[in-house]
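**Student:** Here's a structure for you.
Readers should treat all values here as calculations from the given coordinates under stated rules, not as data from a laboratory. Small disclaimer: the values here were computed from a predicted structure and weren't measured. Note that we place each Cβ from the backbone using ideal geometry, even for glycine, and neighbour counts take in every protein chain shown.
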Amino acid sequence: MQHQPLEKPRILLLLPTRTYRATDFLEAALKLDVEVVVASEAAATTADLSPRQSLVLDIAVPTVATQTILEFADTYPITAIVGVDDDTTLLATTASAALGLPHNPVASAKATRDKYRLRDTLSANGVSVPAYQRFSISEDPAEIVGVGAPNPYSTDIPVSFPCVIKPLSLSASRGVIRADTPAEFVAAFQRTTKLLHALQEATEITSQEHASQYLLVEDYIPGIEVALEGILLDGELKVLALFDKPDPLEGPFFEETLYITPSRLSEDIQDALYDATAEAADALGLQHGPVHAELRYNADGAHLIEIAARTIGGLCSRTLRFGTGMSLEEVVIRHAIGQPVAALQREQQAAGVMMIPVPKAGILGEVRGKTAAYHVDGIVEVSITIPIGGEVVPLPEGARYLGFIFARAETPEVVEAALREAHRRLTFVILA
């Protein structure tokens, strides 16, 4: 078949319909003068965002979607494939491997998409992980921890407390619950199982997905939590940003709010966090492209919580600028098409984002105080991402924040204060 001439790099952007990232990635590609093919579950959802050709894919079935991509690339050669979030990580890797493009090993991508496989792989390669185990959602949690047994606090039960119960493949702390007692374990197990069943019924996940049939239970790791944004250059980790999370994340749910960079932690602690991330990436076999890691630090050192072969989620990447104003999306695309990014450094100015939490379930009726929030010194953007009349659901069931507040200032302290004050000035009317 005759190939279309490739006059400039052509990237395939994998953009699920539910992603926040479409506009930022498309703007980055336009700025770099890169030809874009937008791939999504439905062409109509992205046609208005991209003047280039679109491709409809079954993103949830990588083997089928990869075949569609191969057929497309036979006529329109592709320089690189960029997945923008968790749902597209495995497909981007599988299709890149099939086309002979730079990629991580498929097994590595699979490990980052399954929390139990992640722990297994790290443990097998000598990385310290919390005690963990997997349970089928069909099991009776009361039997697991002995609730209702003659001696409900027997030391023979397979779970230690406090522990954290997690779905294997959901992100953004969805379905993640801390349990301090057997009774709390039963309630948390049942609540997360109910969520998975609801997602299956809504076809957000399929009942055939292996990961949707199990829950991970692991020891709770105390300590401060951070997020590390990086990129792997031939297996070497380059840190793009380290975010402090000033609000404690101790459970029972783990709703993230503030991300502030640069980190105010000591250089020694930052080095330990870098080493833990690099060790995990190496153990997983990750070699290429962006990584986003969540870690904790306590008296015993740095502990990896999660690592994903993608960039930071939501709109949080808007906190980051590199060189002379380059976005994180530009960095990712530049690297994907083979341009050098090793020398790029984050701007000196401090920056941060608040992911606006959902206080209660209901329908968003009104947002007040947005103008007042903008008037706070240092605030650069207030983005409400749920429309008026839209349903709002708090964690652990919810998947969306009310929106994002962004700030820039000379110091992390000023950024944090600005974000808190802007949030204080906002009022969300949520109707029952």
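**Student:** Of S54, S212, G100, which is farthest towards the positive pole of the chain's charge dipole, taken about the Cα centre with +1 and -1 on the beta-carbons of Lys, Arg and Asp, Glu respectively?
**Tutor:** Farthest along the dipole direction, towards plus: S54.
**Student:** Identify, among A361, A409, L426, the residue whose Cα sits farthest towards the positive end of the charge dipole of the range 349-432, taking +1 on the Cβ of Lys and Arg and -1 on the Cβ of Asp and Glu, with the dipole about the Cα centre.
**Tutor:** After comparing all options, I get A361.
**Student:** Taking the Cα centre as origin and putting +1 on Lys and Arg beta-carbons and -1 on Asp and Glu beta-carbons, what dipole magnitude results for the range 10-111, to the nearest 20 debye?
**Tutor:** 160
**Student:** Checking the cross-link filter: which aspartates and glutamates have an alpha carbon closer than 13 Å to that of K110, excluding same-chain neighbours under 8 positions apart?
**Tutor:** D86, D87, D120, E209
**Student:** Starting with the highest mean, order 376-385, 342-351 by the number of other Cβ atoms within 10 Å, averaged over the residues of each peptide.
**Tutor:** Details: 376-385: 17.4, 342-351: 14.6.
Packing order, densest peptide first, comes out as 376-385, 342-351.
**Student:** If each residue's Cβ is checked for other Cβ atoms within 10 Å, how do H375, H335 rank with the fewest at the top? Intermediate results must be reported in sequence, preceding the final value.
**Tutor:** Details: H375 11, H335 23.
Least crowded to most crowded, the residues run H375, H335.
**Student:** Assuming 0.36 nm per residue, please report the length gained on full extension of the stretch K8 to A202 beyond their Cα-Cα distance. Please report the intermediate quantities before stating the final value.
**Tutor:** On the way: separation 194, 0.36 × 194 = 69.84 nm, distance 4.07 nm.
Extending this stretch completely gives an extra 65.8 nm.
**Student:** Using a cut-off of 16 Å between alpha-carbon atoms, which aspartates and glutamates can reach K31, once sequence neighbours fewer than 8 places away in the same chain are excluded?
**Tutor:** List returned: E329, E330.
**Student:** Would the chain count as rounded, prolate or oblate if I go by the C-alpha gyration tensor, calling it rounded below 1.5 in a/c and otherwise prolate when a/b exceeds b/c, oblate otherwise? Mind dumping the intermediate values first?
**Tutor:** Details: a/c = 1.43, a/b = 1.22, b/c = 1.17.
Taking the square roots of the gyration eigenvalues as a ≥ b ≥ c, the chain is rounded.
**Student:** Span-like helices, the chain: DSSP H, alpha-carbon axial extent 18 Å or more, mean Kyte-Doolittle 0.5 or greater, which ones?
**Tutor:** What comes out of the filter, once short or polar helices are dropped, is 86-99.
**Student:** Taking the alpha-carbon distance from K115 and a cut-off under 25 Å, which lysines remain once sequence neighbours fewer than 8 residues away in the same chain are dropped?
**Tutor:** Reachable lysines: K166, K194, K238, K245.
**Student:** OK, next. Once you place label points 7 Å from the Cα toward the Cβ at E306 and R368, how far apart are they in nm?
**Tutor:** The two pseudo-label positions are separated by 3.4 nm.
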